1. Give the range 38-97 a look and list any residue that's in contact (Cβ under 8 Å) with a residue 60 or more places away in the chain and farther than 29 Å from S113 by Cα, or say none.
2. Residue check: is K165 touching a Ser or Thr at 6+ places or on another chain (Cβ under 9 Å), under 22 Å from S34 (Cα atoms), without any contact (Cβ under 8 Å) to a residue 60 or more places away in the chain and open to solvent by 20 Å² or more (accessible area, probe 1.4 Å)?
3. Does D119 satisfy being closer than 13 Å to G90 by Cβ, in contact with a strand residue (DSSP E or B) (Cβ under 9 Å, 6 or more places away or on another chain), among the acidic types (D, E) and surrounded by 12 or more Cβ atoms within 10 Å (Cβ to Cβ)?
4. Can you name the condition, by its number, that I131 falls short on among (1) under 16 Å from L75 (Cα atoms); (2) exposed (fewer than 12 other Cβ atoms within 10 Å of the Cβ)?
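The values are calculated or read from the model by the stated rules, or taken from the named source; none is laboratory data. If you're wondering where the values come from, they're calculated on a predicted model, not measured in any experiment. A quick note on method: Cβ atoms are made from the backbone with ideal geometry, for glycine too, and the neighbour counts reach across all protein chains shown. All accessible areas refer to the heavy atoms of the entire protein, side chains included, with ligands and DNA or RNA removed. Shrake-Rupley method; radii C 1.70, N 1.55, O 1.52, S 1.80 Å.
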Amino acid sequence: MYLLGIDLETTGLNHKVDDIIEVGYVVWDTDKRSPVQMGGSLIKITSPLSPLIKDLTGITDKQLSDFGRPIELVLGELAEVAKKCAYLVGHNAISFDRNFLSTAFKKQSISFSDLPWIDTRTDVDYPKEMINRKLVYLAEKHGVLMQNAHRATFDVMMTLLILDKYHDKFSEIV
């Protein structure tokens, strides 16, 4: 079975007013327990990034200008990839990524998957001593190398590697 892991970087926390600045995705094969396809794109936006977002993500206005792609192209590609998958996966996806994606797909008039979401922040039954649900904490506790935090493709890969640690309990998660 294929899972589509998704992570976004944005200009803020409000999906109604803030913009997506990066989309990262990984198609994960649950049988092979490895990635099948990985992708990510910076998104071209018109307003400058706040110092907070630049600091948090390491993404710059120049990078968005030089490498950013139109959001409708990136969302179209994501929608096509989702057609081959059984679940969407993200960390804090239910309260964050899903809302941003829903808003963006509606705004662009692009149809997106109605696949069920697995949110590794809330849907995984972590050991009781793991009370912190931040991705960096969970990565450390699960022995997953944390690199380039708050960059979408890296974060989604960490999310899937953590989820894979519960491979034998996957039927309980879904």
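1. L56, G58
2. In short, no.
3. Yes; evaluated as a whole, the condition is true for this residue.
4. For I131, the exception is condition (1).
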